[in-house]
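**Student:** Following this message is one structure expressed as structure tokens.
The values are calculated or read from the model by the stated rules, or taken from the named source; none is laboratory data. As the structure is a prediction and not an experimental result, all values here were calculated from the model. So basically every Cβ, Gly included, is an ideal-geometry build from the backbone, and we count neighbours across all protein chains shown. These accessible areas exclude ligands, DNA and RNA; they are computed on the full protein's heavy atoms, side chains included. Shrake-Rupley method; radii C 1.70, N 1.55, O 1.52, S 1.80 Å.
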Amino acid sequence: MDPQLDAPPTAHSRLGPPIDARPLFVPEHAALMATLRGLTPDDWGREAVPGWSVRDVVAHVLGDCYGRLARHRDGHREGHRDGGREGHRDGGREGHRDGGREGPAFAPGEDLPAYIHRINQQWVDAHSRVSPAALTDTLELIGGQVARLFAESDPVAPSLGVSWAGADPAPMWLDSARELTEYWTHRQQIRHATGQGTDHDPRVLSVVLDTFLRALPHTLRDIAAPAGTQVRIHVTGSAGGTWTATETGTETAGGTWTATETGTETAGGTWSGTETAGGTWTATATDGGHWSMAYPADGRPAALVRLDTETAWRLCVRGIEPADALTRAEIEGDRQLAEAACRIVSVVY
């Protein structure tokens, strides 16, 4: 599968070439269902994330699926106040996916994190009487419809915002890629809770990592550096690659993405888009902290951070904290820039 789309440069070119996650929704849904069908009765009660059992996480995923169908297939709107998408918990904190004007209203004096926590918990609590078997059967049906919805979506159409990438509204290719990472992450939480390791299948994980690392320019947005400064993250392993952010020196990070064969490590260039694993992602910043991934990774970066695959994805969803990731990282160059890059987070946190 070619994980990238052949699309003309847009306002989101600073995030690098579009990602085509559409073919992965059906197999990812099948993998989730296989995981759930293989659980024992005791597994459903195990803690998947702080405060939520495996059963709770599955109920939450079902809620996400219903919400996506309501908004994008059925045009259903509930409420009239601006609100975030229903979200997920990672590392004991609340995340949400960004959104438009639908959803329950805010309570008086309620901030967004409290709002997200409340509506997430309300959904989970409302499904406390639903058995694991019924949840699984319902998710198989509804999740399958969502997978087909994404598979047939227009990747360049405007869609829900992705705040951790600084894109609102975001193009559908980014929204859908973000959604794939959500389903994949929840599946890993369930696997870990039931004694299974991370699924390192590079067909999906390479796209998940590529999506997560598109947060790099937004991560560096407050870091001022001379134009042309580059910060690079290299993720080892068969699903890894290299992402580089470049300071552009302009108000907006424009330019076009250039894929360059480097011939080093496991990287095939600035993410070749021709294989399921490997590649190099480069993020470049502008003066005043305007960084872009739309520039080639030329020369030696000011800071290079090497992370193993497990550390990288867990860092992006705050399964581990930046300080822990730094103890596992290999760093070359400017330590402060490397530490700034390791503050990356690819969920609302």
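**Student:** Output the peptides 152-165, 170-183, 191-204 sorted from most to least packed, where packing is the average of other Cβ atoms within 10 Å over each peptide's residues.
**Tutor:** Ranking the peptides 152-165, 170-183, 191-204 by packing returns 170-183, 152-165, 191-204.
**Student:** Read phi for every residue in the stretch 334-344 and hand back ³J(HN,Hα) as whole Hz from Karplus 6.51 cos²θ - 1.76 cosθ + 1.60, θ = phi - 60°, with x for Gly and Pro.
**Tutor:** Karplus-based 3J(HN,Hα) across the stretch 334-344 equals 5, 5, 5, 5, 5, 5, 5, 5, 6, 8, 4 Hz.
**Student:** On alpha-carbon atoms, Rg over Rh for the stretch 147-197 using Kirkwood Rh? Walk me through the numbers before you get to the answer.
**Tutor:** Details: Rg = 13.5 Å, Rh = 12.0 Å.
Rg divided by Rh gives 1.12.
**Student:** Accessible area of the stretch 186-243 with a 1.4 Å probe: how many percent of it is carbon plus sulfur?
**Tutor:** Values: 830 of 1680 Å².
Result for the stretch 186-243: 50 percent of the exposed heavy-atom area is carbon or sulfur.
**Student:** Roughly how many Å² of residue 335 are accessible to a 1.4 Å probe, to the nearest 10?
**Tutor:** Its heavy atoms expose roughly 120 Å² to the probe.
**Student:** Now for a different question. Per-residue counts of other Cβ atoms within 10 Å, averaged by peptide: what ranking do you get for 306-319, 41-54, highest first?
**Tutor:** Ranking the peptides 306-319, 41-54 by packing returns 306-319, 41-54.
**Student:** Kindly write out, for the stretch 136-147 in residue order, the coupling ³J(HN,Hα) from the Karplus curve 6.51 cos²θ - 1.76 cosθ + 1.60 (θ = phi - 60°), rounded to whole Hz, with x marking Gly and Pro.
**Tutor:** With coefficients 6.51, -1.76 and 1.60, one gets 4, 4, 5, 5, 4, 6, 6, x, x, 5, 5, 4 Hz.
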